[in-house]
Amino acid sequence: MGSVIFTSVNLLSLFFLFLSSGFEGINGQVNRWLNAHATYYGANQSPSTLGGACGYDNTIHAGFGVNTAAVSGVLFRGGEACGACYRVMCDYRADPKWCLGRTSVIVTATNFCPPNNHGGWCDPPRQHFDMSMPAFFRIARQGNEGIVPVLYRRVACKRRGGVHFTLKGQANFNLVMFSNVGGSGDVKAAWVRGSRPRRWIALQRNWGANWSNSVDLRNQRLSFKLTLVDGRTLQFFNVVPSTWSFGQTFSSRNQFS
C-alpha cells in the first residue's frame, strides 16, 4: 500500500514539475498553460485528409503530418489560426484515470470545430481541440469516453524545408494557399508581387489559409511577403517561375525559424 501511495505522489510531483518548467513559445516567449478540453475525430478517415476549414487538401503534403486538430471558434479566429501550433497535454490532476501522465503532443490547427449552440464543447467561449486520433491517443488512454481535460500553450512551429505556395485561382482571380509555415505558423497579412510592374499588392484572406486578389498575374514571376501573427515578416523573391499554372505548388528556400 505504501509503495502505491509513494508512486502516486511521485507522479504528481513530476506533473507539477512539468507544469512549472518552461517550454519556449513564440519568439522565445514562455507562454503559460491554459485550460481546455479535447476530443478526437476522423475515426474512419485518413488523418492526412483532415484539412477541413483551412483548405489543406492533404496535411502531410502541407508539411503538418498527422498530428492536427480542429479548434473551437475562440481559437480559430475566423481562419487566422490555420497553421498555428499548440502543445497539448492531458490534465493528469483533473483526470488521472484517462490521462497519460506528463505526455504531450504538438498539434497544428488545420480545421474548425463548429458550435452547436446548445452547450457543445465547441460553443463559445470554450477553448477546445478536436484532435486527430493519432494525436489524441498520444496523451489519453484508449477506451475512455472520448473527451479529456487538457492543458495547452502556443509554441513555435518547426517545419522541414521552406514555406509552400499553392496556386488555386483562375484567370485574373488569384487564390494562393500558404502552408508549411514555421515560426508562429499563422499568417496575419500577405502580399504578392509580379515581375511587371514590381510592386507589392495586398492579398486578402479569402477563407482559411487561402488568400486572394483580382490582379492578372499570369505569365509573371511571383514573389510573396508574409507577416505572421507574432509580427515577423519574411520575403520570398521569385519563388514562382513565370511558367506557373493554377494547381501547382512551389516551395521556397526561406523559412520562419
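The values are calculated or read from the model by the stated rules, or taken from the named source; none is laboratory data. Worth saying up front: this structure is predicted, and the values here are computed from it rather than measured. For neighbour counting, all protein chains shown are included, and Cβ atoms are generated from backbone atoms with ideal geometry for every residue, glycine included. Each accessible area value is taken on the protein alone, full model and side chains, heavy atoms only, with ligands, DNA and RNA left out. Shrake-Rupley method; radii C 1.70, N 1.55, O 1.52, S 1.80 Å.
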Hits in the range 163-188 (condition: surrounded by fewer than 20 Cβ atoms within 10 Å (Cβ to Cβ) and not in a strand (DSSP E or B)): Lys168, Gly169, Ala171, Asn172
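Would a scan of the range 217-230 turn up a residue that is open to solvent by less than 50 Å² (accessible area, probe 1.4 Å), charged (D, E, K, R), in contact (Cβ under 8 Å) with a residue 24 or more places away in the chain and not in a strand (DSSP E or B)? Let's see the steps before the verdict.
Residues of the range 217-230 that are open to solvent by less than 50 Å² (accessible area, probe 1.4 Å), as a first pass: 217, 220, 222-228, 230.
Now drop any that are not charged (D, E, K, R), which leaves 225, 230.
Now narrow it down to the ones that are in contact (Cβ under 8 Å) with a residue 24 or more places away in the chain: 225, 230.
With not in a strand (DSSP E or B) added as a condition, the list becomes 230.
There is at least one residue in the range 217-230 that is open to solvent by less than 50 Å² (accessible area, probe 1.4 Å), charged (D, E, K, R), in contact (Cβ under 8 Å) with a residue 24 or more places away in the chain and not in a strand (DSSP E or B).
Among the residues of the range 48-66, write down those that are of a type in the set (A, V, I, L, M, F, W, C) and surrounded by 17 or more Cβ atoms within 10 Å (Cβ to Cβ).
Going residue by residue through the range 48-66, those that are of a type in the set (A, V, I, L, M, F, W, C) are 50, 53-54, 60, 62, 64, 66.
Those that are of a type in the set (A, V, I, L, M, F, W, C) and surrounded by 17 or more Cβ atoms within 10 Å (Cβ to Cβ): Leu50, Ala53, Cys54, Ala62, Phe64, Val66.
Identify all residues within the range 231-249 that are open to solvent by 30 Å² or more (accessible area, probe 1.4 Å) and either basic (Lys, Arg) or under 26 Å from Ala156 (Cβ atoms) (or both); write none if there are none. Full working, then the answer.
Here is the first cut: in the range 231-249, the ones open to solvent by 30 Å² or more (accessible area, probe 1.4 Å) are 231-235, 237-238, 241-243, 245-249.
Residues satisfying the conditions are Gly231, Arg232, Thr233, Leu234, Gln235, Phe237, Thr249.
Which residue, of Trp191, Trp207, Trp200, is closer than 16 Å to Cys82 by Cβ and open to solvent by 10 Å² or more (accessible area, probe 1.4 Å)? Outline the logic, then answer.
Numbers: Trp191 fails: closer than 16 Å to Cys82 by Cβ; Trp200 fails: closer than 16 Å to Cys82 by Cβ.
Exactly one of Trp191, Trp207, Trp200 is closer than 16 Å to Cys82 by Cβ and open to solvent by 10 Å² or more (accessible area, probe 1.4 Å), namely Trp207.
Specify the residue that is nearest to Val155 (Cα to Cα); the eligible residues are those in the range 99-113 that are open to solvent by 60 Å² or more (accessible area, probe 1.4 Å) and modelled with pLDDT of 95 or more. Before you say what the answer is, go through the steps one by one.
Applying the first criterion (open to solvent by 60 Å² or more (accessible area, probe 1.4 Å)) to the range 99-113 yields 102, 106, 112.
Checking which are modelled with pLDDT of 95 or more leaves us with 106, 112.
Numbers: Ile106: 8, Phe112: 19 Å.
It comes out as Ile106.
When you scan the range 21-38, do you find a residue that is modelled with pLDDT under 75, over 30 Å from Gly208 (Cα atoms) and not aliphatic (A, V, I, L, M), even just one? Break it down stepwise before answering.
Applying the first criterion (modelled with pLDDT under 75) to the range 21-38 yields 21-30.
Pick out the ones that are also over 30 Å from Gly208 (Cα atoms) and you get 21-22.
Filter once more, keeping what is not aliphatic (A, V, I, L, M): 21-22.
Yes, that holds for at least one residue.
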Residues of the range 115-157 being farther than 16 Å from Trp33 by Cβ, of a type outside the set (Phe, Trp, Tyr), open to solvent by 30 Å² or more (accessible area, probe 1.4 Å) and under 20 Å from the mean Cα position of the chain (by Cα), which ones? Pro115, Pro124, Pro125, Arg126, Met133, Pro134, Arg138
